[in-house]
Amino acid sequence: MSPSPLQRTLDAFKKKITPPEKRLISQTIPGIAREGFSLLPGLLRRAGRPEILWVLTSTPEKALRLVEEIRSAPLLLDMEPDVLLFPEEEVLPYERESPADFIRAERIHALDRLASDTPPDVVVSPVVAVLRKTLSPPLLKSVRRTLRTGMEEDPQSVVETLLAQGYVRVPQVTAPGEFSVRGALVDLYSTDRRRPVRLEWDDLEIRSIRSFDPNTQRSVEAVGEVDLLPSHEWITPSPSSLDTPSRDWIDRHLSLPFPPGIERYLPSFFSETAAPVLSRPDILILVDDWKAVLDRTSDWISRIEEGWKVLPAEERSFLPAPDAAFFLPKSRQEWESLLPCLTVSDEAPEGTPSLLGSVPSARIDRNLSLISEIERQPREWRTVIFCRTRGQMSRIGDMLEAGELPYITSFDSLASGAGRLPVTLLQGDVEEAFELPLDQILVLSDTWLFKKPVSRPPFRSFSTSTQVYRRDRPTFADGDYVVHLHQGIGRFRGLQEVSVGANRGEFAVIEYLGGDRFYLSVDQMDQLLPYQGPEGSAPRIDRLGGKSWSQTKSRVRKQVEKISADLVMLYARRKAAEGFAFSPESILTREFDQSFPYDLTTDQEEAIQAVLSDMESPTPMDRLILGDVGFGKTEVAMRAAIRAVADGKQVAVLVPTTLLALQHHETFKNRFAGFPVRIESLSRMVSPAEQKLVRERLRRGETDIVVGTTALLANAVEFRDLGLLIIDEEQRFGVRQKENLASRFPNVDRLTLSATPIPRTLQMAMSGLKGISFIMTPPQGRKAIKTAIMRFDRERIREVIDRELAREGQVFFIHNRVSSIARWARYLAALFPEAGVAYAHGQMGEEEIEAVMGKFLRRESRILVSTTIVESGLDIPYANTILINRADMFGIAELYQLRGRVGRGGQQAYAYFITPSEEALGEVARKRLHTLTTHSGLGSGYQIAMRDLEIRGAGSLLGHQQTGQVAMVGLDLYLEMVEEAVAALSSETPPPPGEEPARVEWKTEARIPEDYLGHPSERIDFYRRLAHADTMDSVTRIEEELSDRFGPLPRETRNLLAGARIRILATQRGFSEVVVRDRDITLKQRHGALPKEIVEPALDLFGDRLSFQADGSWKILRTLPLLLIEDLKRLPPLNFSEEKRQSPA
């Protein structure tokens, strides 16, 4: 075995650490700089130390950084340690609140690993995470239950176990701690596994266990077993072990699901609780910064003691006191008296080199060329560069090749020779640079070399559902107004099973004027649309079977056709303009794409492809990128910008506020760091003298990208060659400003970014007049913001802010009255004197605002009291709580944008809408607030924009007021009419005539039984998807999904799918109706006689079983529906555009 490239460092380290056969005592290891701290766990493991290494940090972000670095740095030692994160709970010590589901999952998973025979090598946590006493290994083992494939187990017993462990029964499992039951299937999400699992029973035997994707709900792979673990850090005690008062308390307070904050009571009922770091005897503590860790511990102990003092007497009677509930070490000596503790010192003993040293400033000058600086290193030294992404690794490799420097991509031993050792490139997340003098190795990182700020995606090892809103999956609730395409507007009254002869079927019930009810067969659910109309007035319900609905549709369609003609004329003028066809990918654009440190979401990839395709066309681009706040729209814009710059064009980024201009300027500069691109800013925050210089550089073409406010629209601003205009938060610009843009830059490619676009823009985009790309998939690990309406209560406000400060976060407090904003800032400063409270409003000077925001961005102030000047686009990753005072006075788009200021980091974010009493709220304000609390899931921006159309009366198209027309038919049908009219007017050749789907009349039970799929909204969703299905493959996909998610298909559902297949095949072959009678089937032709291309194969196929009726229909004897499906497959499908020109047989 060849020696390790770090052999000298490893040998020296072994001499400094206690041998593995001896018990390790607390010590400080000299000669190790903090920059190389992440290599220490690997060195300890290679030195043979058997302990579980528990790394303590002062803050959550330090813990997250160390997790990634500890996974990467040991690549130098040819090992990948098993590393777990044990996160903070993110609740106050005695708060009546439980941690978020993903935090509970990470903590319980780590506790279970510590209780197992295969514990992790390394655990990393902020010190606050380990202070509460919790489930010890014996307690956890006592309730762990293992289920395996093939074992006999009563499913009801499993359900009872899940309920006892605090799991919540839901229709669909999307997050840890949930389960659902559907016949012989049980879906559950235990923290034993990173994905939820689906158990399928055959009587009492577990036939299969398979993991599934919480987004698609589809199975992924088979697994052999699953452990049922508690959903909270709580175990319900056995009644027999309790005294009478304890039993009474459990009966009064413990319900299913568990009440918030139940974890606080665990030590009151179990003496075996333990602080996690004291749960095993083989734990070794490693501290990165003793002072910071002890300061954070001291702060938390103060909060524990204060929280205990202010508890109501009723709660204190059963809650454990601080010394019983928490581990409270106040000094380093207390830690070391209980556990062996290691720390490091960068000072090496006199006369000996460091083991892991900081890089001297003279060693590498980061302002000079990377190639020249590497060439300047001693020849016998080896340079290792860690790259965060494969793309960045490729880019640096290209740079080395261009500089004629050899490089390798593995850290193998290298024989020193006469020449320079090749550079080693490794993919890993190492932030700093350090050196190993004994082995003559210099370790650098791409982020350190290029001075790029590091932003990491939130840490999530458990897959959870993104709960993205699906435009094609509308929901119908009992009492909702709905639109039936042929019967008109009524009220949805749910699904109902009805007997038809000897068979039972399921129907959607719609109630019309006078209480008349229309029963819509579920195979025709595509004819039902949700009704969305102007706010404040209910729609006029139609009379069943009356003529008013067809007259209404006719009137609206005529109006729509007039408006559509104007829209198409506008679109035609834009399309006729001659734009610039940008070049395909170049080396510069490819390197820029590869330097993105995260994985693109599928939606981002599709949006980028659509944008680049538009740019490569000679027609000027006009595309809207619609995505929720923080979903990655800016990266799409920057990919377009680099494509324009690569072709020598200039890019203008127009934003509505000076604050957003400031932030976007920094964002673009950071993203383009290391690329030959000049980026400047033009707003009131730029001095007049500098503005003059920027305008001159724009005119001469020296500036590639300019970020600015409406200052960019001034006549004094001239571009040498503007090629791309990016408009962010376009809903904030007025009509005149947009008309100014259109007239000044008619041939320039235009890219619009918005989360809540104004209705007119959304309507134009959806009508085909703009390109539109939806980014509905959140970035990895993003959690929905928890949104609540809160009545004004000073004590509750104090508690909410204190919780955020306790987890080292920042707080926005929105108060939209300049006259009293300073008073609110003084009040909060008195409550939190050490938080650094600042305030900002639009009447302050630009320099003053910039100074305030700079302090907040640098976390020098942790509470910002502000008006709505922070509404747009600001990205402050540590701000995860926002309180909006008098939220009832804001519009829905404002509230939505303000809420989007938080939740950009990895922690659970909270938004509180502070209002006066419920009685004081107006009807419009109540609806707006209800909309935001209802639509708080990820990707809800589109849904809120649609609701905003309803609330604001649908806006206007080209100045035509359309509120009346929308009210008459509902927004969905109205938009469909606009889309159809625009398509008909803008198409150079008329589209082939559409064909109504064939009607299938089959007196059999065809439905999804309630005992197979119990949730009505899911049944409606499958019915709608089947009714819209127009290919055999789409029906097969639905069939596979049903059987995977809900088990073997019942006979009624197989019939439903067979009916859908017959409808599709019959439609494709020119039939309008299929009637099944016993063993005979009648097929009615759509346009009289069918062409010989289909008749002749039919005669060969059916022979004397086929006869032609007087009305032209076909009658097939002695066949069955399932046989008919196979027979129809053998007939050639019709080409409808050609069919009418064929001579009949």
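The values are calculated or read from the model by the stated rules, or taken from the named source; none is laboratory data. What you are looking at is a predicted structure, and each value in this text was computed from that prediction instead of being measured. Please note: Cβ atoms are built from the backbone with ideal geometry, for glycine as well, and neighbour counts cover all protein chains shown.
Annotations
- Elements of type helices (runs of 4 or more DSSP H) in region 237-321, at least 3 residues being closer than 29 Å to ARG332 by Cα, touching a residue at least 60 places away in the same chain (Cβ under 8 Å) and not assigned by TED's automatic domain parsing to the domain that holds LEU163: 290-309
- Among (1) out of contact with any Asp or Glu (no Cβ under 9 Å at 6 or more places or on another chain); (2) modelled with pLDDT of 90 or more, the one test that VAL483 misses: (1)
- Residue, nearest to PHE450 (Cα to Cα), within region 594-640, restricted to residues that are touching a residue at least 12 places away in the same chain (Cβ under 8 Å) and among the polar types (S, T, N, Q): SER595
- Failed item in (1) assigned to a helix (DSSP H, G or I); (2) crowded, with 18+ Cβ neighbours inside 10 Å, with SER1034 passing the rest: (2)
- Residue count, region 264-287 (criterion: within 18 Å of SER317 (Cβ to Cβ) and of a type in the set (D, E, K, R)): 1
- Residues in region 192-213 that are in contact with a Leu (Cβ under 9 Å, 6 or more places away or on another chain) and in a loop (DSSP other than H, G, I, E, B): ASP192, PRO196.
- The single condition among (1) over 30 Å from VAL220 (Cβ atoms); (2) among the small types (Gly, Ala, Ser); (3) surrounded by fewer than 21 Cβ atoms within 10 Å (Cβ to Cβ) that ALA1006 does not satisfy is (3).
- For region 1030-1073, the tally of residues that are in contact with a strand residue (DSSP E or B) (Cβ under 7 Å, 6 or more places away or on another chain) and over 25 Å from GLU200 (Cβ atoms) stands at 8.
- Meets criteria (surrounded by fewer than 15 Cβ atoms within 10 Å (Cβ to Cβ) and more than 18 Å from GLU89 (Cβ to Cβ)) for SER354: no
- So PRO171, is it over 30 Å from GLU68 (Cα atoms) and in contact (Cβ under 8 Å) with a residue 40 or more places away in the chain: yes
- Comparison of SER219, SER238, SER246, SER271 shows that the only residue that is touching a Lys or Arg at 6+ places or on another chain (Cβ under 8 Å) and either farther than 17 Å from ILE108 by Cα or loosely packed, with under 14 Cβ neighbours inside 10 Å (or both) is SER219.
- Boolean, ILE209 is more than 27 Å from the chain's Cα centre (by Cα) and at pLDDT 95 or above: yes
- Of all residues in region 310-350 being surrounded by fewer than 17 Cβ atoms within 10 Å (Cβ to Cβ) and of a type in the set (Ser, Thr, Tyr), the one that is modelled with the lowest pLDDT: SER317
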